[in-house]
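Nothing in this text is a laboratory measurement; each read-out follows from the coordinates by a stated rule. For clarity, every value in this text was computed on a predicted model and none was experimentally measured. We place every Cβ from the backbone using ideal geometry, glycine too, and count neighbours over all the protein chains shown.
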């Protein structure tokens, strides 16, 4: 019975608090921008670069290596 009265009490307090503060409508100014389409296509010259690619034997090895890091606090303490 006490819980029912407590629930009703908080419900009434909440309803009166909501009734005290009326919500105001806020009007927003709209901004308009013009779209300018100016496309220039330049012919790209072929640049030959020497790059090194890493080949891994297993998939996602670099990710797995980064996820298996250990810290000093991971070590077990000997009593």
Least to most buried among 63, 28, by other C-beta atoms within 10 Å and fewest first, runs 28, 63
By how many degrees, 0 to 90 and rounded to 10, does the Cα axis of helix 2-20 deviate from the longest principal axis of the chain?
-> 80 degrees
Just from its helices, what would the mean residue ellipticity at 222 nm be for the chain, if runs of 4 or more DSSP H residues each count -39500 (n - 2.57) and the sum is divided by every residue, rounded to the nearest 500 deg cm²/dmol?
-> -10500 deg cm²/dmol
Going by how many other Cβ atoms sit within 10 Å of their own, how do 62, 73 line up, fewest first?
-> 73, 62
Cα-based Rg/(2.2 N^0.38 Å) for the chain, rounded to two decimals, is 2.88
In nm, spacing of pseudo-spin labels at residue 19 and residue 59 (7 Å Cα→C-beta vector) = 6.4 nm
